[in-house]
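Below you'll find the structure, written out as structure tokens, and then a few comments.
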């Protein structure tokens, strides 16, 4: 399974920014996640049920690492309050950077790993 390619497609789908699946950083992150899963679960082969989790984790870590690239010019700071004369407008919402961070947090949760863990004898 091409974890790096799948992660690149997931990042593209979530952010709308085309991510090249041949990026070396995605391959390195994918290898690191596979090693993490094998070590955590104490197995020699990744259980088939965890490949989707690995893809999501790689995508989330790439999003966190590449926020500036993914946001481009939209990463400019957003004014919270604008006042002109007697009219005042307050913008209360999340910045694109905060939204990307939340997306990355959701993608990198270690939710299903414990179910596949084996006891080391």
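Nothing in this text is a laboratory measurement; each read-out follows from the coordinates by a stated rule. All values reported here derive from a predicted model rather than from experimental measurement. Cβ sites come from the backbone with ideal geometry, for glycine too, and all protein chains shown count toward neighbours.
Of note:
- Label point distance in nm, residue 105-residue 48, each placed 7 Å from Cα along Cα→Cβ: 3.5 nm
- Rounded to the nearest 10 degrees, the angle from helix 51-65 to the longest Cα principal axis of the chain is 40 degrees.
- Based on C-alpha pairs under 8 angstrom that are at least 6 apart in sequence, the chain has a relative contact order of 29 percent.
- Using R0 = 30 Å, the C-beta based FRET efficiency linking residue 17 and residue 112 works out to 0.65.
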